[in-house]
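Read through the structure below, which is laid out as structure tokens, and then see the notes.
The values are calculated or read from the model by the stated rules, or taken from the named source; none is laboratory data. For clarity, every value in this text was computed on a predicted model and none was experimentally measured. Every residue, glycine among them, receives a Cβ derived from its backbone with ideal geometry; neighbour counts consider all protein chains shown. These accessible areas exclude ligands, DNA and RNA; they are computed on the full protein's heavy atoms, side chains included. Shrake-Rupley method; radii C 1.70, N 1.55, O 1.52, S 1.80 Å.
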Amino acid sequence: MITKATAVLFVEHVETSLPFFEAAGFKRTVEVPEGDALGFVILQTDGAEVMLQSFASAMADVKTLDPKDIKASRTYLFVEVDDLATVERALKPYKIVIPRRVTPYGANETGYREPSGHFVTFAEFAKKD
């Protein structure tokens, strides 16, 4: 039985992506330094969690990984939210790559590319009575 799934996004510098996720409402719950920078961070909000790990930290952490494979890895992160308009206002400085739309599965969603290159889509589903 799966009890939880969390995306780990590999990034050049953790600090580059933090403002994007913090503007979306995520809070840092764990920080692990890597030299004079952050190597790994866990961010949470309500029922969602995402982890950011620098390439350098990932390569030091799992020595069997090929650095080319780590840098080639990209994630498309899908985040459900209660109020899409609030997220859109908070992320106004960031580039939208999927303009707000209604999907065939009933979500209003807007997609962004966060500063380290990952696609992040925020989706609001209709409230159930």
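Observations
- Candidates ALA37, ALA107, ALA85, ALA48, filtered to the one that is hydrophobic (A, V, I, L, M, F, W, C) and either open to solvent by 40 Å² or more (accessible area, probe 1.4 Å) or farther than 23 Å from ALA126 by Cα (or both): ALA37
- Test: residue in region 14-25 that is assigned to a strand (DSSP E or B) and touching a strand residue (DSSP E or B) at 6+ places or on another chain (Cβ under 7 Å): no
- Looking across region 2-34, the residues that are hydroxyl-bearing (Ser, Thr, Tyr) and either modelled with pLDDT of 90 or more or open to solvent by less than 10 Å² (accessible area, probe 1.4 Å) (or both) come down to THR16, SER17, THR29.
- Scanning region 63-82 for residues that are in a loop (DSSP other than H, G, I, E, B) and either among the aromatic types (Phe, Trp, Tyr) or surrounded by 10 or more Cβ atoms within 10 Å (Cβ to Cβ) (or both) turns up LEU65, SER73, ARG74, THR75, VAL81, ASP82.
- Boolean, LYS71 is at pLDDT below 90, touching a helix residue (DSSP H, G or I) at 6+ places or on another chain (Cβ under 9 Å) and more than 20 Å from PHE21 (Cβ to Cβ): yes
- Filter pass, PHE119 being closer than 30 Å to PHE55 by Cα and open to solvent by 50 Å² or more (accessible area, probe 1.4 Å): yes
- Filter result for the condition that a residue is modelled with pLDDT of 90 or more, under 23 Å from ALA23 (Cα atoms) and basic (Lys, Arg), over ARG113, ARG101: ARG101
- Screening TYR94 against (1) in a loop (DSSP other than H, G, I, E, B); (2) open to solvent by 60 Å² or more (accessible area, probe 1.4 Å) leaves a single unmet condition, (2).
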